[in-house]
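One structure below.
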Amino acid sequence: MAAPRQKIHVRKGDVVMVISGKNAGTKGKVLEVITKTGRVVVEKVNIVKKHTKPSQKLPQGGIQQKEAPIASSNVMLYCEKCNTPTRIGHKELDGKFVRVCKRCGEVQDK
């Protein structure tokens with residue numbers, strides 16, 4: 001039986017701020033959302049080193065740096081208008097539900 005997918009409050013392309021962990025206070029763009037495990041991959045956050053063997057694609061092998069996923073509960077959506085991390089609310093505009101900043105009411109969906 002497959003694990004249930006989690007609903008995550010951020011989407012790919014959102015600007016978020018990390019609120020806990022070793023990268024707390026770092027802003028970055030969400031590169032990938034993994035609903036199966038409830039994790040997100042954020043640009044320039046949680047960098048890990050991966051040792052790769054030589055292959056046809058990468059003949060010299062070596063150590064590569066890449067972003068690893070972090071728990072979605074450790075990030076908050078960043079409001080550009082407020083310049084702060086913020087919780088989000090939902091509001092209906094023109095028959096569509098959009099995400100809005102709880103602090104200033106700014107629409108977060110483009």
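The values are calculated or read from the model by the stated rules, or taken from the named source; none is laboratory data. It should be emphasised that the depicted structure is a prediction, and the values quoted were computed from it without experimental measurement. Cβ sites come from the backbone with ideal geometry, for glycine too, and all protein chains shown count toward neighbours.
Of the conditions (1) more than 13 Å from VAL15 (Cα to Cα); (2) part of a loop (DSSP other than H, G, I, E, B); (3) of a type outside the set (A, V, I, L, M, F, W, C), ASP109 clears all except one; give me its number. Here ASP109 clears every test but (1). Considering the range 1-24, and only residues there that are exposed (fewer than 10 other Cβ atoms within 10 Å of the Cβ) and of a type outside the set (Lys, Arg), the residue that is modelled with the highest pLDDT turns out to be PRO4.
In the range 91-106, of all residues being in contact with a Cys (Cβ under 8 Å, 6 or more places away or on another chain) and part of a loop (DSSP other than H, G, I, E, B), the one that is farthest from ILE8 (Cα to Cα) corresponds to CYS104. Across the range 35-57, the number of residues qualifying as over 20 Å from ARG87 (Cα atoms) and in contact (Cβ under 8 Å) with a residue 12 or more places away in the chain comes to 12. Scanning the range 67-90 for residues that are assigned to a strand (DSSP E or B) and in contact with a Gly (Cβ under 8 Å, 6 or more places away or on another chain), we see that the one that is farthest from ILE8 (Cα to Cα) is ILE70.
Being of a type in the set (A, V, I, L, M, F, W, C), within 17 Å of LYS7 (Cβ to Cβ) and surrounded by fewer than 13 Cβ atoms within 10 Å (Cβ to Cβ) is the filter here; which residues of the range 72-98 pass it?
Restricting attention to the range 72-98, the residues satisfying the condition of being of a type in the set (A, V, I, L, M, F, W, C) are 75-77, 79, 82, 88, 93, 97-98.
Checking which are within 17 Å of LYS7 (Cβ to Cβ) leaves us with 75-77, 88, 97-98.
Correct list: PHE97 only.
Among the residues of the range 36-69, those that are surrounded by 14 or more Cβ atoms within 10 Å (Cβ to Cβ) and of a type in the set (Val, Ile, Thr) comprise VAL40, VAL41, VAL42, VAL45.
Is at least one residue of the range 78-86 basic (Lys, Arg), over 25 Å from ILE34 (Cα atoms) and within 21 Å of the chain's Cα centre (by Cα)? Break it down into steps so the answer makes sense when it comes.
To start, the set of residues in the range 78-86 that are basic (Lys, Arg) comprises 81.
So of that shortlist, the ones also over 25 Å from ILE34 (Cα atoms) come out as 81.
Now drop any that are not within 21 Å of the chain's Cα centre (by Cα), which leaves 81.
Scanning the range 78-86 turns up at least one residue that is basic (Lys, Arg), over 25 Å from ILE34 (Cα atoms) and within 21 Å of the chain's Cα centre (by Cα).
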